[in-house]
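Undergrad: Take this structure first; my questions come after.
None of the figures in this text is laboratory data; all of them are computed from the coordinates on show. Every value quoted in this text rests on a predicted model; they were computed, and no experiment measured them. Quick reminder, even Gly has a Cβ in these numbers, built from the backbone with ideal geometry, and neighbours come from all protein chains shown.
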Amino acid sequence: MRALKLFLSCLVAGGLAGCASYHLGPASGSAAAGKTIEVLPFNNQTHQPRLGAALTQSLRERMQTDATYRLASQGDGDVVVTGVIRNYDRQGLGFLNQDVSTPENYRVDVIVHVTARERASGRLLLDKDVKGHTLVHIGGDLAGAERQALPLLAADLAQNIAELLTEGAW
C-alpha cells in the first residue's frame, strides 16, 4: 500500500513537472496582442478563376477566428500580408472501373508565396511558399466539382498561413 502511494505521488509530481514548460501564445515569444493585420488581395498567377478572391477571403476569416491579431480593414494594419498564387495542380487519384484513363477523384494542390511585413519598420516577418490541398470527387462535372471544393482548398491554405503567422515560425 505504501509503495502504491509513493508511486502515485511520483506520477503526479512528474505530470505537474511536464506541464511547467507549456505556455499559451506564439512559440517565438513575440507578442501579437493588440496588433492588427491587414490581408491584401492575393495575386492569382494561375488560370484557375476566382482563386485569388477565395483565398484572400478565407485567410481574413481565419485571422478573425484565430483572434491572435485583430483584422484591419481600412489599410492601417501593423502587419501587412500579401500573397502570390504560383501554382494550381490537379492529380488523378482514383480511376473509373470501366475506363482506367479517366480519373474519378483528384487531389488539388495550390502553392502560394506569402509575405508579411511590419508596416512601421518594413521588417520582413514571413517570406515563404505555403501549400494547401483538398480532395475532389468528380461526379459528372469537373468544373462544378472544383468550384464546390474551392472553399475547402482555401480553408486548408488559410489554416497553414495563419499557423505560420500566429506561431511566429518565421
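Undergrad: Given the Cα-Cα distance of Gln74 and Asn43 and 0.36 nm per residue of separation, how much length would full extension add, in nm?
TA: 9.2 nm is the gain from fully extending Gln74 to Asn43.
Undergrad: How many nm is it between the label spots at Arg117 and Arg86, if each spot is 7 Å from the Cα in line with the beta carbon?
TA: 1.8
Undergrad: Count neighbours as other Cβ atoms within 10 Å of each site's Cβ, and list the trypsin sites (Lys or Arg not before Pro) in the stretch 107-170 that are DSSP loop with at most 10 such neighbours.
TA: Arg123
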